[in-house]
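Colleague: Structure below; questions to follow.
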Amino acid sequence: MPNIGIIKAPIPSISTPAKLMNADNISPEDMIMHRRAESSFAESKSDSTIGHKRSPTKIYFNGRFLTAVPAGVHRVAQEMIVAVDKLLTEEPALAAAFDLTLVTPPKVRHRPALARVQSKIGGRLKGVLWEQFDLPRLTADGLCVGFCNAGPLIRRNAMTMLHDTQVYSMPASYSFAFRLWYKIALPLIGHRHKHILTGAAAAKSDLVRYGVAPAGKISIIPHGCDHILRITPDETAVARLGLDRRPYVLSLANTQFHKNIGILLKAFANPALKQATLALFGGASAADFEAAGHNVPDNVVFLGRISDPELVGLMKGATAYACPSLTEGFGLPPLEAMLHGCPAIVACESLLEVCEDAALTADPHDASTWAAQISRLMTNESLRDDMRARGKVQAGKYTWQRAARQLLRTIAEVENRAVPQALLP
């Protein structure tokens, strides 16, 4: 996985950052090295001139996500901002180097408790209209940073995290209106905004493949998963939900095409798993899957929407967490499960990237391979123990503090600032 803090490439002979940003043949490492050299020179020049100290970098976080029903990208946004706030609290030098403000509409579902990141409330519009018209005005004097696949299209001084390109690769998962909007918005963001963030090398490759953004302006910032450790597990959940009678496998009740849960339904129709249960949590029901053309075996249970403590309790008792997705931008749930000692079985490129050899793999199009891997975990105690141990170590690498440090380092580099010593590897 690329680490933007380790630079080995030579400095390219390009005269200006603007040219560098537009040069498709320049690697991200070259770009960052060039900017570091320029920013270090500029900083030393400024420091040598009495009374000409540069003011802190003014950064605005796009807080529209706080108005929405929580989803995976909203989790990333909140955890990133909270981690940055904690980092600034612990490192006074960083608080002096970055002027950070969370900008939100007047009405939000909740507000995270922040000590160093300021708050700014404004605008009269709602939803996408607030983001497109109010947010640019409220952030006009700084860099606007967003984490949820969206941002103000008219802004250039912006940095946006684009998690995936599923509207291109998996159009069957989305409505026509949704696909139309994002096929317009994503390339505009990718080419107009100053810099693009994403969570995995696989996601970056997709952004380039579909022409959303050039490789030279995309930085990879892997997400954290350690937020799951703050949740106290509900130790009664397994028995209360009727899952204490035989081995069970957890997965998501979601009928979107790219989530590929149908392959698990076929796997659990295999006689090899007749003594196991597939426990699906989330909004979709058996009727929803049947309406989508799937057969639902008798050993599949639908838990509905469950609380975070219940989910953690179920992860701790599960034989495996199965994630047969055809594509994901990053994929937090398998890592969350692994951190709690639940072996994961994964399929798509980004999950193979982040889980490495700490998860089992299965063919996303072959139900028999899923049945075989689940059977192995059910019957082989030493394999279960090995995967639990590996999973905890691998998932433990992904922390929000690490992500926050990479974010601030990337902001400094993109803004042509010297990277504060506290952020250097």
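The values are calculated or read from the model by the stated rules, or taken from the named source; none is laboratory data. Fair warning: this is a prediction, and the values are worked out from it, not measured in the lab. Every residue, glycine as well, gets a Cβ built from its backbone with ideal geometry; the counts of neighbours run over all protein chains shown. Surface accessibility is based on the protein's heavy atoms, side chains included, excluding ligands, DNA and RNA. Shrake-Rupley method; radii C 1.70, N 1.55, O 1.52, S 1.80 Å.
Colleague: Please calculate how many Å² of accessible area the chain carries per residue, with a 1.4 Å probe and no DNA, RNA or ligand atoms counted.
Modeller: Details: 18500 Å² over 425 residues.
Spelled out: the 1.4 Å probe surface of the chain, per residue, equals 44 Å².
Colleague: Next question, about the same structure. Compute the relative contact order of region 240-394 as a whole-number percentage, counting only Cα pairs closer than 8 Å that sit 6 or more residues apart in sequence.
Modeller: 24 percent.
Colleague: Cα convex hull of the chain: how many Å³ per residue? Intermediate results must be reported in sequence, preceding the final value.
Modeller: On the way: hull volume 62.4 nm³, N = 425.
So the per-residue Cα hull volume is 147 Å³.
Colleague: At 1.4 Å probe size, with no ligands or nucleic acids counted, give the accessible surface of H365 in Å², nearest ten.
Modeller: Its heavy atoms expose roughly 150 Å² to the probe.
Colleague: Of the accessible area of the chain, with the probe set at 1.4 angstrom, what percent is carbon plus sulfur?
Modeller: Working: 10020 of 18500 Å².
Of the solvent-accessible surface of the chain, carbon and sulfur hold 54 percent.
Colleague: Hey, another quick one. For region 305-425, just run the numbers: alpha carbon Rg, then divide by 2.2 N^0.38 Å, N being how many residues it has. Could you put the intermediate results ahead of the total?
Modeller: Values: Rg = 17.3 Å, N = 121, 2.2 N^0.38 = 13.6 Å.
Rounded to two decimals, the normalised Rg is 1.27.
Colleague: Further, regarding this structure: Restricting to DSSP loop positions (anything but H, G, I, E, B) with no more than 13 other Cβ atoms inside 10 Å of their own Cβ, which trypsin sites (Lys or Arg not before Pro) remain in region 239-347? Each step should come with its number before you reach the end.
Modeller: Values: sites: R240, R245, K259, K266, K274, R305, K316; in loops: R245, K274, R305.
Passing sites in region 239-347 are R245, K274, R305.
Colleague: Same structure again: Find how many whole Å separate the alpha carbon centroid of region 350-375 from the alpha carbon centroid of region 132-186.
Modeller: Cα centroid of region 132-186 versus Cα centroid of region 350-375: 32 Å apart.
Colleague: Please give me the summed charge of the neighbours of V212: other residues whose Cβ is under 12 Å from its Cβ, Lys and Arg +1, Asp and Glu -1.
Modeller: Numbers: positive: K183, R192, K204, R209, K217; negative: D164, D206.
So the environment of V212 carries a net charge of +3.
Colleague: Viscosity 1.567 mPa s, temperature 4 °C: what is the translational diffusion coefficient of region 58-123 from Stokes-Einstein with a Kirkwood Rh over Cα pairs, rounded to a whole number of µm²/s?
Modeller: Details: Rh = 12.2 Å.
Taking Rh from Cα pairs, D becomes 106 µm²/s.
Colleague: Given the rule -39500 (n - 2.57) for each run of at least 4 DSSP H residues, summed and divided by the residues of the chain, what is its mean residue ellipticity at 222 nm, to the nearest 500 deg cm²/dmol? Could the numbers behind the result be given before it?
Modeller: Details: 17 runs with 168 residues, N = 425.
Helices in the chain give a 222 nm mean residue ellipticity of -11500 deg cm²/dmol.
Colleague: Hey, got the dipole for the chain? About the Cα centre, +1 on K and R Cβ, -1 on D and E Cβ, debye to the nearest 20?
Modeller: Values: 47 positive and 38 negative charges, 253 e Å.
Magnitude of the dipole: close to 1220 debye.
Colleague: Another question, if that's okay. Out of the trypsin sites (Lys or Arg not before Pro) in region 154-229, which ones are loop residues according to DSSP with at most 15 other C-beta atoms within 10 Å? It would help to have the intermediate numbers written out before the result.
Modeller: Numbers: sites: R155, R156, R179, K183, R192, K194, K204, R209, K217; in loops: R155, R156, K194.
When the trypsin sites (Lys or Arg not before Pro) of region 154-229 are filtered for loop state and at most 15 Cβ neighbours within 10 Å, R156 remain.
Colleague: What does the net charge come to around K58 if you take all other residues with beta carbon closer than 10 Å to its beta carbon, with K and R at +1 and D and E at -1? Spell out each step's value before the answer.
Modeller: Numbers: positive: none; negative: D99, D141, E415.
Neighbourhood net charge equals -3.
Colleague: Right, next: Taking +1 at the Cβ of each Lys and Arg and -1 at the Cβ of each Asp and Glu, which of L314, L129, P112 sits farthest along the dipole of the chain towards its positive end, judged by Cα position relative to the Cα centre?
Modeller: Sorting the options by dipole projection puts first L129.
Colleague: Would you mind classifying region 102-149 by shape? Square roots of the alpha carbon gyration tensor eigenvalues, ordered a ≥ b ≥ c; an a/c under 1.5 is rounded, otherwise it is prolate if a/b is larger than b/c and oblate if not.
Modeller: Oblate, since a/c reaches 1.5 and b/c is not below a/b.
Colleague: If you take the C-alpha gyration tensor of region 319-381, multiply each eigenvalue by 5 and take the square root, what semi-axes do you get, largest first, in whole Å? Walk me through the intermediate numbers first.
Modeller: Values: eigenvalues 60, 44, 13 Å².
Output for region 319-381: semi-axes of 17, 15, 8 Å.
Colleague: Could you state the angle between the C-alpha long axis of helix 381-395 and the longest principal axis of the C-alpha atoms of the chain, as a value from 0 to 90 degrees rounded to the nearest 10?
Modeller: In the chain, helix 381-395 runs at an angle near 20 degrees to the longest axis.
Colleague: Here is a further query. In debye to the nearest 20, how big a dipole does region 166-325 give about its Cα centre with +1 on each Lys and Arg Cβ and -1 on each Asp and Glu Cβ? Don't jump to the answer; show the numbers that get you there.
Modeller: Working: 16 positive and 10 negative charges, 136 e Å.
Computed about the Cα centre, the dipole is about 660 debye.
Colleague: I've got another one for you. So, with +1 on the Cβ of K and R and -1 on the Cβ of D and E, and no other charges, what is the size of the charge dipole of region 170-224 about its Cα centre, to the nearest 20 debye?
Modeller: Using only the charged Cβ atoms, the result is roughly 140 debye.
Colleague: Then there's this: Please tell me which of these pairs span more than 26 angstrom C-alpha to C-alpha: K126/K217; K107/K316; K259/K392; K183/K204; K86/K120; K120/K183? Please report the intermediate quantities before stating the final value.
Modeller: Details: K126/K217 30 Å; K107/K316 37 Å; K259/K392 24 Å; K183/K204 17 Å; K86/K120 19 Å; K120/K183 30 Å.
Checking Cα-Cα distances, K126/K217; K107/K316; K120/K183 exceed 26 Å.
Colleague: Got a number for the accessible area of F302? Probe 1.4 Å, square angstrom, nearest 10.
Modeller: Near enough 60 Å² of accessible area.
Colleague: Please list, short to long, the whole-number percent of alpha-carbon pairs of region 261-322 in consecutive 10 angstrom bins beginning at zero.
Modeller: Calculated P(r), rounded to whole percents: 20, 53, 26, 1.
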